[in-house]
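The values are calculated or read from the model by the stated rules, or taken from the named source; none is laboratory data. Only a predicted model underlies this, so the values are computations on that prediction, with no experimental measurement involved. Every residue, glycine among them, receives a Cβ derived from its backbone with ideal geometry; neighbour counts consider all protein chains shown.
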Amino acid sequence: MAMIQRLAEEERLSGAVVHRGASGGLVWLAGQVADDPGLDAEGQTADILAQIDTLLAEAGTDRRHLLSVTVVLADIRDAPAMNRAWDRWLDPTAKPARMTIQAPLVDPAWRVEITGVAALPDRRGA
């Protein structure tokens, strides 16, 4: 039987939603933003990626199981700084599909927002 679990719930959203089925499941991440909006784009990205690691671990998976990631930058000129943090964090043997776009973010201090979808390993460890 499928089960839905909501992690890091806030007033308007969950930080992640987990769907578990008989042979695994998926984790959908809400848009994650830096806890410290005073950081530059590289620092905000590193902060966000650490939050993603925490949410995925709580859900029972990790960055190696990311299927798809969307990175939103307030200013596309921050892409090189964001990529420096991304490249340090990324497992090069398990790269997710990724899209990077520019769009205004809700808080003008936010430079980066990241969302994604990860697989849950099935009970056989796949």
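Just one of the listed residues (14, 68, 23) is free of Cβ contacts under 8 Å to residues at least 60 places away in the same chain and either aliphatic (A, V, I, L, M) or over 20 Å from residue 110 (Cα atoms) (or both), and it is 68.
Filtered by the rule that a residue be out of contact with any Ser or Thr (no Cβ under 6 Å at 6 or more places or on another chain), of a type in the set (A, V, I, L, M, F, W, C) and more than 14 Å from residue 62 (Cβ to Cβ), segment 87-125 gives 101, 103, 105, 106, 109, 110, 114. Listed by first and then second residue, the pairs linking a residue in segment 75-90 that is under 14 Å from residue 43 (Cβ atoms) to a residue that is modelled with pLDDT under 95 and among the aromatic types (Phe, Trp, Tyr), with Cβ atoms under 6 Å apart and 6 or more places separating them unless they lie on different chains, form an empty list. Just the residues that are assigned to a helix (DSSP H, G or I), touching a strand residue (DSSP E or B) at 6+ places or on another chain (Cβ under 8 Å) and surrounded by fewer than 19 Cβ atoms within 10 Å (Cβ to Cβ), please, taken from segment 52-62. Matches in segment 52-62: 58 only. Quick check on my filter: what residues within segment 100-126 are closer than 21 Å to residue 16 by Cα, without any contact (Cβ under 8 Å) to a residue 40 or more places away in the chain and surrounded by 11 or more Cβ atoms within 10 Å (Cβ to Cβ)? 100, the sole residue that qualifies. Would you pick out the residues in segment 97-126 that are modelled with pLDDT of 95 or more and not hydrophobic (A, V, I, L, M, F, W, C)? Result: 98, 100, 102, 104, 107, 108, 111, 113, 115, 116.
Quick check on segment 1-46: of everything there that is in a loop (DSSP other than H, G, I, E, B) and among the charged types (D, E, K, R), which residue is surrounded by the most Cβ atoms within 10 Å (Cβ to Cβ)?
If we take residues in segment 1-46 being in a loop (DSSP other than H, G, I, E, B) and among the charged types (D, E, K, R), then 40 is surrounded by the most Cβ atoms within 10 Å (Cβ to Cβ).
For segment 66-99, filtered to residues that are in a strand (DSSP E or B) and in contact with a helix residue (DSSP H, G or I) (Cβ under 9 Å, 6 or more places away or on another chain), the residue that is surrounded by the fewest Cβ atoms within 10 Å (Cβ to Cβ) is 98.
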